[in-house]
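The values are calculated or read from the model by the stated rules, or taken from the named source; none is laboratory data. The structure displayed is predicted, hence computed values, not measured ones. Here the Cβ positions follow ideal geometry from the backbone for every residue, glycine too, while neighbour counts run over all protein chains shown. Please note that ligands, DNA and RNA were not included when accessible areas were found on the heavy atoms of the full protein model with its side chains. Shrake-Rupley method; radii C 1.70, N 1.55, O 1.52, S 1.80 Å.
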Amino acid sequence: QVQLVESGGGLVQAGGSLRLSCAASGRAFSMYAMGWFRQAPGKEREFVAGIRLRVGSTYYADFVKGRFTISRDNAANTVYLQMNDLKPEDTAVYHCATDRTGLHYVPSYYDYWGQGTQVTVSS
């Protein structure tokens with residue numbers, strides 16, 4: 001079994017920063033990759049960033065390149081998402097998830113999901 005718990009969300013003004021954490025237990029870090037997704041009200045869940053757990057290579061959605069950084073601490077079984085220069089359109093529930101076969105951008109490839117953490121950016 002895999003359990004994922006996100007934390008670090010909150011309310012921040014535009015231009016501010018937050019760091020999200022995804023604490024994993026079970027076999028999470030035996031997966032190929034982990035990703036961060038977000039879902040705003042009335043919108044589809046969308047890929048934000050992903051990281052291959054063994055080699056540490058990363059990939060980002062275009063709308064966060066240069067602002068967000070994904071990283072992992074394998075010893076702590078934790079993946080992070082550092083979010084800088086936040087914008088109101090970044091407001092969403094952010095979820096982490098595991099991918100056992102690759103680093104995909106489509107949610108259906110991901111096996112386990114956390115409950116999510118709310119990020120609200122005010123203008």
Item to check | Tally, over the range 8-17, of residues that are under 15 Å from the mean Cα position of the chain (by Cα) and open to solvent by less than 30 Å² (accessible area, probe 1.4 Å) | outcome: 1
Checklist entry - Can you tell me which residues in the range 106-120 are touching a strand residue (DSSP E or B) at 6+ places or on another chain (Cβ under 9 Å) and either of a type in the set (Gly, Ala, Ser) or not in a strand (DSSP E or B) (or both)? => result VAL106, PRO107, TYR109, TYR110, ASP111, GLY114, GLN115, GLY116
Item to check | Pair list, Cβ under 7 Å, 6 or more apart: the range 86-113 residue free of Cβ contacts under 8 Å to residues at least 40 places away in the same chain, other residue among the acidic types (Asp, Glu) | outcome: TYR109/ASP99
Checklist entry - What number goes with the only condition from (1) open to solvent by 60 Å² or more (accessible area, probe 1.4 Å); (2) touching a helix residue (DSSP H, G or I) at 6+ places or on another chain (Cβ under 9 Å); (3) not acidic (Asp, Glu) that THR98 does not pass? => result (1)
Next on the checklist: Looking at the range 53-69, can you tell me whether even one residue there is on the phi < 0 side of the Ramachandran plot, charged (D, E, K, R) and in contact (Cβ under 8 Å) with a residue 24 or more places away in the chain?
Outcome noted: no
